[in-house]
């Protein structure tokens, strides 16, 4: 089969393509013979140079490089393995792997890698569909062909997993970290119920889910994030490339169909493409839509403001939804609304829509080391010096351009107690994943530290009462996504039912009163 694929790929190459391959072959082999640490350093300088000319895609951490290349920051070899696998077993047009090296300066506990690939020419499918009415015959034909090739690859087991049986990323759940693997499709379906909100009608959802989950579905190798920003097309509509295979894995056959309709639900032309290219999965889609509505997902609102065509084109051209720009549509709060001695959970932009820097903020005016009056303190875990450590320092929330949300979660009830009382409890938290989070947290982060800090205060019966740290994290992250989403919609108009302030009322934590309920 591998030989047949190679022959088919060679048949599709133009003379120019073959000449380009011949010219680049020897220099590439010589380059790859150099130590990986040297190559990583060169890539780092190339990326620094390129970002002065090309914007960083903050949704996928990809950077366009000179010499028709792209660089992507990865935390594991999942996408590299997927691209290599697809290249060996199909003729689907994808980026060609040029190099994959570890950044020697990254944290050994959480290594970072540079995935260097060739550039794929073409226009984003969403942008192509939006510009004007098009004949979708060719894009449907090519998408059908790609799906047929993927589905012809037999799985090596029954596990819902990444290519080689490990954990995988799930954009449908907006998961920060990989999930799985799961023994089979039935186990995976049970997991989908585990992320449904506690207030949802679980019995009704399970009854509805029988329409789909009682069926026997094939396990297929799946892209995992097949949306209109990951399919590139030529002017005639034929597919020039399918990119971003980070979420690829062995998943139920309906998964890409439903996920693509989730991303394209407000772009009716995309619905036409997906429905024409895939077999019908109407009952599966109905069940997925019900689960989307009640699961840990940031919003059920449209991804784009329908009246903002220019903004849509801008977002599509940069391949991300959450813009790393000043957030003008969401109002800053009045500092007088913060309560003296209040303890606040604060989230700052990191990877918009997916992850944030989590900080505890203690609101008490004081004079800092520089002699300048500061309204409060930040207490958090930081790795800005290359290794994780605890920091207690002065903080002016309103001076930060990256602040997303602030929510009161506790208070210091005695005015004679200063920040040192908080510091005494927090400074001894170890910079490692605590026992209670092992198995669910693959690595230590500021969010892991934040969770342990809340547990520490709760156990001490001081400052914060929070019976469910998971619920608190879910509430804060969902509200942060909503704020970032609303902030990215330039044409968004405030309405009475949409909160537009960064200061939120937290439901899952409150100051410790001293009298357990």
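In the set (1) surrounded by 14 or more Cβ atoms within 10 Å (Cβ to Cβ); (2) in contact with a helix residue (DSSP H, G or I) (Cβ under 9 Å, 6 or more places away or on another chain), the condition left unmet by residue 188 is number (2). Within segment 413-423, not a single residue is out of contact with any strand residue (DSSP E or B) (no Cβ under 9 Å at 6 or more places or on another chain) and within 26 Å of residue 355 (Cβ to Cβ). When residues in segment 33-56 are screened for being assigned to a loop (DSSP other than H, G, I, E, B) and surrounded by 12 or more Cβ atoms within 10 Å (Cβ to Cβ), 4 of them pass.
Each row is one residue, and each column tells you yes or no for (1) farther than 22 Å from residue 333 by Cα; (2) without any contact (Cβ under 8 Å) to a residue 24 or more places away in the chain.
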| residue | (1), (2) |
| --- | --- |
| 357 | no, no |
| 367 | yes, yes |
| 372 | yes, yes |
| 379 | no, no |
| 390 | yes, no |
| 398 | no, no |
| 401 | no, no |
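Each residue in segment 468-487 was checked for being modelled with pLDDT of 85 or more and surrounded by fewer than 20 Cβ atoms within 10 Å (Cβ to Cβ), and 7 pass. For the residues 498, 490, 406, the requirement of being at pLDDT 90 or above and not in a helix (DSSP H, G or I) singles out 406.
At pLDDT 90 or above, surrounded by fewer than 21 Cβ atoms within 10 Å (Cβ to Cβ) and under 20 Å from residue 208 (Cα atoms): is that true of residue 286 in this structure? Here the answer is yes, as residue 286 does meet what is asked. Checking each residue of segment 98-114 against the condition of being in a helix (DSSP H, G or I) and exposed (fewer than 15 other Cβ atoms within 10 Å of the Cβ) gives no match.
Of the strands (runs of 3 or more DSSP E) lying entirely inside segment 130-246, none contains at least 1 residues that are farther than 18 Å from residue 274 by Cα and in the same structural domain as residue 71 (by TED's automatic domain parsing).
The values are calculated or read from the model by the stated rules, or taken from the named source; none is laboratory data. Model, not experiment: these values are computed from the prediction. Glycine gets a Cβ as well: all are built from the backbone with ideal geometry, and neighbour counts include every protein chain shown.
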